[in-house]
Amino acid sequence: MQNLTLSITQLNNYIKNIFDNEELLIGVSVYGEVTNFKISNGIAYFDIKEDGAQLSCVKFSSYVPFAKNGDQVIVTGKLNYHVRLGRLSFVASKVEPYGMGELYKQFLELKARLESEGIFDESKKKPIPKYAKKIGVVTSETGAVIRDIYHVTRKKNPFTDILVYPAKVQGIGAENEIAEGIEFLDKNSDVDVIIVARGGGSFEDLSPFNTEKVARAIFASQKPVISAVGHETDFSISDFASDLRAPTPSVAGEVAVFDYFEELQYLENCRERLKRAMTSFLEKKFSEAQNSAQNIAQNIESRVKIQEKELENRVVLIQKAMTTFLENENKKLNLLVAKLEKSNPLSILKAGYSKVEKKGKTISSISQLKVGEMIINKFGDGEILSKVESIKEKKE
Amino acid sequence: MNYEQAVEELEKVLESLESQNTSLDEALKLFEKSVELSKICFDKIKETQGKVEIIKKELDGIKTQEFTDIENK
């Protein structure tokens with residue numbers, strides 16, 4: 001065994017190197033109960049302990065208490081051996097509640113109580129307006145949250161009005177400011193929807209959103225409230241009490257506003273639909289009118305044809321009637337002619353009779369004649385001159 | 001009538017116009033109504049100006065002022 005004599009610095013540096021290079025210790029988490037918690041100049045000093053063991057911890061950039069004595073926590077970080085002081089401490093990068101810490105127990109108790117009161121009832125939740133004109137936001141006026149909400153909403157709808165109620169979102173009194181903000185925005189008649197938001201943080205950081213005060217302010221709000229607290233994996237009492245839980249503040253901004261450009265496009269489409277509907281309606285009516293005009297025309301045409309046919313039939317009937325009539329007349333005429341033929345004096349003459357005339361006068365009686373007078377006997381084929389020799393009167 | 005109501009009404013009128021189950025008179029009335037509704041919708045959607053304001057608590061009361069800082073954040 002080599003006997004070495006080292007300076008303290010040399011030894012401490014040697015020890016520091018051992019810890020720094022031990023891979024198992026990089027990013028290690030360790031759990032225990034918090035004790036000796038204090039904050040000084042933005043640095044939190046505390047110990048975590050369990051039966052028979054204790055570890056000194058330090059957390060930089062700590063301006064507000066994130067734990068208190070008695071809390072069960074899980075601390076993530078790395079071991080650091082302080083060369084100058086010759087002390088070992090655990091430099092925490094993250095402190096989270098471990099198991100059923102006191103705060104977590106309180107959280108569960110409050111949640112159960114409010115739930116039994118009906119504060120989280122689905123039936124009590126108000127719908128988020130589809131077309132909000134003004135959104136109210138309760139959050140810190142500095143930091144990423146308001147900026148994220150602003151940019152997300154601007155991108156989707158640059159014309160939505162935004163009213164910010166600046167509030168402390170962690171530390172003592174934060175819950176009062178948050179509740180006041182909700183009440184204030186609820187009373188503002190222009191605000192259509194309220195967003196209560198906070199970025200990610202430890203369970204303690206988010207604790208104002210796990211208070212009865214904030215839960216009741218959200219529940220009492222007449223305006224719908226969207227709660228967006230922490231990261232997607234964080235659930236807070238305000239989430240349960242709200243009308244809508246958004247996994248992140250950006251998502252809250254996204255759901256609170258309507259897409260202006262999409263809506264404008266929709267309205268343009270409506271105009272197009274209107275034009276199309278009206279045009280096709282008129283075209284339909286026009287073609288209906290055309291069809292009925294055609295029907296009327298066809299109707300008239302077929303009627304004319306029927307009448308023409310009827311007329312033709314009548315003409316034929318008339319012609320037939322005329323023919324029959326003429327034939328009958330002809331027959332009658334022939335009969336008449338035959339009759340006439342019979343009564344023709346010439347026909348009588350042909351039968352052996354002659355007509356007697358004296359000085360051009362027809363003689364029908366012997367009383368018109370004297371013996372010795374000259375008479376003419378007219379026959380069918382000529383005449384003779386005769387002299388009356390004697391006159392004998394017919395005896396009855 | 002707010003934007004949502006106007007859009008709902010417009011959609012209804014459009015649907016009955018598109019169904020073509022109306023008389024010419026009725027269709028002309030619907031057409032006029034939908035033109036009017038679409039104008040209301042356009043007007044309503046353009047009503048807001050995208051104002052960003054912040055509440056300031058001052059000694060003499062609560063004030064609303066333009067939140068200009070946010071643009072630069």
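Per the Kirkwood treatment, what hydrodynamic radius in Å, one decimal, follows for chain B from the mean inverse distance over all distinct Cα pairs? Averaging 1/r across every pair of different Cα atoms and inverting gives 15.6 Å. Mean residue ellipticity at 222 nm, helices only, chain A: -14500 deg cm²/dmol; runs of at least 4 DSSP H residues each add -39,500 (n - 2.57), and the sum is divided by the number of residues.
Ranked by how many other Cβ atoms sit within 10 Å of their own Cβ, fewest first, the residues A:9, A:160 fall in the order A:9, A:160.
Of A:300, A:218, the sequence from fewest to most neighbouring Cβ atoms within 10 angstrom is A:300, A:218. In this simple spin-label approximation, residue A:381 and residue A:87 carry label points 7 Å from Cα along the Cα→Cβ vector, and these lie 19.1 nm apart. Of the GluC sites (Glu not before Pro) found in segment A:247-278, none is in coil by DSSP with at most 14 other Cβ atoms within 10 Å of its Cβ. For residue A:365, neighbours were defined as the other residues whose beta-carbon sits under 12 Å from its Cβ, and their charges (Lys and Arg +1, Asp and Glu -1) total +2. Computed about its Cα centre, the charge dipole of segment A:98-137 is approximately 460 debye, with only Lys, Arg, Asp and Glu carrying charge at their Cβ.
Placing +1 on each Lys and Arg Cβ and -1 on each Asp and Glu Cβ, with no other charges, gives segment A:1-144 a dipole about its Cα centre of roughly 740 debye. Looking at A:296, A:107, A:173, which one has the Cα that reaches farthest to the positive end of the dipole of the protein assembly as shown (charges on Cβ: Lys, Arg +1; Asp, Glu -1)? The residue sitting farthest along the positive end of the dipole is A:296. Rounded to the nearest 10 degrees, the inclination of helix B:3-19 to the longest alpha-carbon principal axis of chain B is 20 degrees. When the GluC sites (Glu not before Pro) in segment A:137-232 are filtered for DSSP coil states and for at most 16 other beta-carbon atoms within 10 Å of their beta-carbon, the remaining sites are A:232.
Using the Cβ-Cβ distance between residue A:8 and residue A:142 with R0 = 51 Å, the FRET efficiency computed as 1/(1 + (r/R0)^6) comes to roughly 0.65. Among the listed pairs A:125/A:168; A:305/B:29; A:125/B:46, which have their C-alpha atoms separated by more than 32 angstrom in this model? Correct reply: A:305/B:29.
No lab work stands behind these numbers, since they all come straight from the coordinates. Bear in mind the structure is a predicted one, so any value in this text is a computation, not a measurement. When we count neighbours, we look across all protein chains shown, and the Cβ atoms used for this are built from the backbone with ideal geometry, even at glycine.
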